[in-house]
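Accompanying notes for the structure given below.
The values are calculated or read from the model by the stated rules, or taken from the named source; none is laboratory data. As the structure is a computational prediction, the values presented were derived from the model and not from experiment. Quick reminder, even Gly has a Cβ in these numbers, built from the backbone with ideal geometry, and neighbours come from all protein chains shown. These accessible areas exclude ligands, DNA and RNA; they are computed on the full protein's heavy atoms, side chains included. Shrake-Rupley method; radii C 1.70, N 1.55, O 1.52, S 1.80 Å.
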Amino acid sequence: MTLTEALRTLVEAEAAALGAVAAAADAAALDAAERDWLGKRSPAVVVTEAIKGLAPDERPQAGQAVGAYRGRIGDAVAARRTELADRSPGAGAGIDLTLGGHGRRRGHLHLVTQIRRELEDIFVGLGYRVAEGPEVEDDWHNFEALNIPPAHPARSMQDTIYVALGADGPEDPGAGTEHIAEHIAEHMMLRTHTSPVQIRTMETQAPPIYVVAPGRTYRNETLDARHSPAFHQMECLAVDRGLTMADLFGTIEAFARRLFDDDSVRTRFRSDFFPYTEPSAELAVSCVFCRGDGCRVCSHTGWIELGGCGMVDPNVFRAVGIDPEEWQGFAFGFGLERIAMIRYGINEIRTFFDNDLRFLEQY
Ligand code: FA5
């Protein structure tokens, strides 16, 4: 073999070898290509054998050509081996099948929604139905039908946020309608309590009625630790024949014991005033933390105030066309944030509305 033949053999072999390596579809095919083009019977070995027959001054050039051939084919085989390993499932650099996944973060219901649903469940268990009403209310439902006529001092118990509906006036009010628009603008409001749902229910349903009405309520209040301009209440209304205050007290006691999961919870009723109930009472339960001995949660009084209650005033029945001689009723209303605050010892109402996940995720 001459030097020229040796060099040509290597050039031709290199082209074929690179093709075979690239075409190797798996590790076995690659091993075979490596044997063919670098192994004992490969052109590299044939040329190396032939070097002995060359003139001494030609041998270094032939030797270098064989080394270069081995280097390039060896690199190509190694690169292809990595490529095939990366592609095989579960193997290769950077993949560890034993690691856990990233998972999917699950959200959950807001604390107030959880409390609302829990209360709904308790009342549904007592035979009540859940009723709803609008958050933007008219004067009739929020005040007048509840025995709070215009200019009555009881309106000042709830500092009201009025809604200027159509503040710029209707586009073309037409003659004679302007005063109506004005009247509505003056008298629509964000409901100050859930009691208007009592009226809406009695206007549309005949007794007997047993409903609870949870929902958002609004007052023009300065934010402090226990008061917010937007908060939630739940209203309870029962209308039936022969209902007495004993039914009111019994219902509240049953509900409080279920809510705090404690049969030793006692209820306290102290005389109060609401225009839509007569008699009326402030409703409190014995402190579930200290059992009445006095602690920080109950401000050392032993009692926690929940809301107001009473027997439905005959004037309210008359406003919705129910005969107060035939039907009696009781009603009560309380704050949902207040219940959550008592249950979990939360001392700041604003945490309910800040949307801070560090708070919300705890419940
Ligand atoms: C009422 O709103 C009456 N409608 C309750 C009622 C219903 C009486 C049926 C008789 C018959 P009061 O204004 O006290 O009552 O509010 C009831 C409860 O709502 C309070 O005890 C408190 O828990 C909650 N509450 C009132 N204002 C706020 C406020 N600004 N922020 C948070 N909670 C409040």
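Observations on the structure shown:
- Among the candidates Ala85, Ala131, residue that is open to solvent by less than 60 Å² (accessible area, probe 1.4 Å), modelled with pLDDT under 85 and not hydroxyl-bearing (Ser, Thr, Tyr): Ala85
- Just one of the listed residues (Glu5, Glu14, Glu49) is part of a helix (DSSP H, G or I), open to solvent by 90 Å² or more (accessible area, probe 1.4 Å) and acidic (Asp, Glu), and it is Glu49.
- Residue check for Leu223: within 12 Å of the ligand (Cβ to nearest atom) and modelled with pLDDT of 95 or more: no
- Qualifying position, being under 60 Å from the mean Cα position of the chain (by Cα) and among the β-branched types (Val, Ile, Thr), among Thr48, Thr82, Thr4: Thr82
- Within the range 254-297, the residues that satisfy the criterion of being in contact (Cβ under 8 Å) with a residue 24 or more places away in the chain, part of a loop (DSSP other than H, G, I, E, B) and open to solvent by 70 Å² or more (accessible area, probe 1.4 Å) are Arg266, Phe289, Arg291.
- Any hit, the range 300-318, residues being in a loop (DSSP other than H, G, I, E, B), open to solvent by less than 10 Å² (accessible area, probe 1.4 Å) and either aromatic (Phe, Trp, Tyr) or away from the ligand (no atom under 15 Å from the Cβ) (or both): yes
- Selection status of Glu235, in a strand (DSSP E or B), open to solvent by less than 70 Å² (accessible area, probe 1.4 Å) and either closer than 18 Å to Leu119 by Cα or within 16 Å of the ligand (Cβ to nearest atom) (or both): yes
- Annotation: of all residues in the range 319-358 being charged (D, E, K, R) and outside any loop (DSSP other than H, G, I, E, B), the one that is farthest from Arg257 (Cα to Cα) is Arg358.
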